[in-house]
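Heads up, the thing below is written out as structure tokens.
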Amino acid sequence: MEKTELLEQVRRLRSEGKSPKEIARALDVRPSAVAPLVRAVAAQDRATAELPELVGCWINVGWSQGLSVVGRPDWIEPAQDGAGGLVSVLIARRHRWDKVSVCGYLVDVYCLGVKNALGPDITDDVALRRFVPEYFRTFRNGWKEAPIELAQEIVFGAVEYARGLGFEPHADFLKAADHLGTWEGPSGITFGNQGKPCYISGPYDNPRRVIDTLHRTVGPPPNFDHIVMM
């Protein structure tokens, strides 16, 4: 059976409420072969589903410190003191007429990709206006509205870059990814600090594991930089 035909069979059986094990028995294939097809069907369904209305998209000022962007010079910002490496993105979409659904992403654009993800959390418009400054409170230069295309380039692009270095996004990213919409890629952003991987340790990291991974994927310094906070 061709892969395309198999995928359609999985889609049909999944729509009937069959479990992956039941699908495997019905198609006479191994369960391990069905699991990625079930995930592929789910991803396709999410991509083709109509996204709720975008209420707002915000990003911290100074996000582009150390990065470059091909084809969108209007996205690049002047250098900001104390900025660079960590980027926060917040997206709100309409949930019901009186509610919004909010997702946030903390992105290490120099090395690790998505370090944390928030939501989707359901709130209302009044609470959202209070939450936005709270979400960006650690960024001394504040925040600004951003196009959803920029948010996609940053978040999905950083995930792709980090995977190339051997790092997967935070487990909560899967729940929040749909708020970003569909992204075809590749990103026009050059990640890393001036194009080079740069690991700056955080309070919940395992620095030794990160540095060992970088040694395996890109080789020893000077192929990457690192700053381990004590």
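The values are calculated or read from the model by the stated rules, or taken from the named source; none is laboratory data. Just so we're clear, the structure is a prediction, and the values are computed from it rather than from any experiment. A quick note on method: Cβ atoms are made from the backbone with ideal geometry, for glycine too, and the neighbour counts reach across all protein chains shown. The accessibility values were calculated without ligands, DNA or RNA, using every heavy atom of the protein model including side chains. Shrake-Rupley method; radii C 1.70, N 1.55, O 1.52, S 1.80 Å.
Hey, Asn141 hits all of (1) farther than 16 Å from Ser88 by Cα; (2) modelled with pLDDT under 95; (3) open to solvent by less than 60 Å² (accessible area, probe 1.4 Å) but one; which does it fall short on?
The failed condition is (1).
So for region 120-134 (the condition being modelled with pLDDT of 90 or more, open to solvent by less than 20 Å² (accessible area, probe 1.4 Å), under 26 Å from Tyr161 (Cβ atoms) and under 19 Å from the mean Cα position of the chain (by Cα)), does at least one residue qualify?
No: zero hits.
I need every pair where a residue in region 63-77 that is surrounded by 22 or more Cβ atoms within 10 Å (Cβ to Cβ) has its Cβ under 8 Å from the Cβ of a residue that is not in a loop (DSSP other than H, G, I, E, B), sequence separation at least 6 or different chains.
Short answer, once both residue conditions are applied: Trp63/Val87; Trp63/Ile154; Ser64/Trp75; Leu67/Ile189; Leu67/Thr190.
Among (1) on the phi > 0 side of the Ramachandran plot; (2) free of Cβ contacts under 8 Å to residues at least 24 places away in the same chain, which single condition is Pro207 missing?
Among (1) on the phi > 0 side of the Ramachandran plot; (2) free of Cβ contacts under 8 Å to residues at least 24 places away in the same chain, the lone unmet condition for Pro207 is (1).
Cβ-Cβ distance below 6 Å, separation of 6 or more or different chains: which pairs start in region 91-118 with a residue that is more than 11 Å from Val155 (Cα to Cα) and end on one that is of a type in the set (Gly, Ala, Ser) and part of a strand (DSSP E or B)?
Filtered contacts from region 91-118: Ala92/Gly56; Arg93/Ser101; His95/Ser101; Val100/Ala92; Val102/Ala92; Val102/Gly119; Cys103/Gly119; Leu118/Gly104.
If a residue must be open to solvent by less than 30 Å² (accessible area, probe 1.4 Å) and either touching a Pro at 6+ places or on another chain (Cβ under 6 Å) or not in a helix (DSSP H, G or I) (or both), how many such residues does region 170-195 contain?
Of the residues in region 170-195, 6 are open to solvent by less than 30 Å² (accessible area, probe 1.4 Å) and either touching a Pro at 6+ places or on another chain (Cβ under 6 Å) or not in a helix (DSSP H, G or I) (or both).
For the list (1) at pLDDT below 80; (2) under 21 Å from the mean Cα position of the chain (by Cα); (3) surrounded by 14 or more Cβ atoms within 10 Å (Cβ to Cβ), I need the number of the one condition that Ile59 fails.
Of the numbered conditions (1) at pLDDT below 80; (2) under 21 Å from the mean Cα position of the chain (by Cα); (3) surrounded by 14 or more Cβ atoms within 10 Å (Cβ to Cβ), the odd one out for Ile59 is (1).
Kindly indicate whether Phe167 is modelled with pLDDT under 95, open to solvent by less than 50 Å² (accessible area, probe 1.4 Å) and of a type in the set (A, V, I, L, M, F, W, C).
Here the answer is no, as Phe167 does not meet what is asked.
Looking only at region 128-161, which residues are in a helix (DSSP H, G or I) and either without any contact (Cβ under 8 Å) to a residue 12 or more places away in the chain or of a type in the set (Gly, Ala, Ser) (or both)?
The answer is Arg129, Arg130, Pro133, Glu134, Glu149, Ala151, Gly157, Ala158.
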